[in-house]
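J.: Sharing a structure here in structure tokens format.
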Amino acid sequence: MDDGPSYAQCSAKGCRAHATWQLLWNNPKLHTPDYRKTWLACDDHRPTLGQFLDVRGFLREVTPFGAASDASIS
């Protein structure tokens, strides 16, 4: 049985690249102001995923991904 990749992948549809960025977002109509959801992105998809969230007013922060403290996010 395949449990999926052994590394954090980009959240873009069909992309299997290693994630290098985390996009922190929330939907203000559904979430409290301090709540954050996380999408992971490779270098190629960071701009498009960020733009998708930003035009909807959901994007809160973009930070590098890959530090030891980020290992639990997938």
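Coordinate-derived values only; no laboratory data. No experiment lies behind these values; they were computed from the predicted model shown. Don't worry about glycine lacking a Cβ; one is built from the backbone with ideal geometry, like all the others, and counts go over all protein chains shown.
J.: Once you have the Cα-Cα distance between Lys29 and Asp44, take 0.36 nm times their residue separation minus that, and quote the gain in nm to one decimal.
T.: Working: separation 15, 0.36 × 15 = 5.40 nm, distance 2.93 nm.
Contour length minus the Cα-Cα distance gives 2.5 nm.
J.: Can you give the calculated 222 nm mean residue ellipticity of the chain, where each DSSP H run of n ≥ 4 adds -39,500 (n - 2.57) and the sum is split over every residue, rounded to the nearest 500 deg cm²/dmol?
T.: On the way: 1 runs with 10 residues, N = 74.
That comes out to -4000 deg cm²/dmol.
J.: Among Val55, Val62, which comes first, then next, by fewest other beta-carbon atoms within 10 Å? If you can, show how the numbers build up before the last one.
T.: Details: Val55 9, Val62 19.
Ascending Cβ contact count within 10 Å gives the list Val55, Val62.
J.: Can you give the extra length, in nm with one decimal, that the chain gains between Cys15 and Asp3 once fully stretched, where that is 0.36 nm per residue apart less the Cα-Cα distance?
T.: 2.6 nm is the gain from fully extending Cys15 to Asp3.
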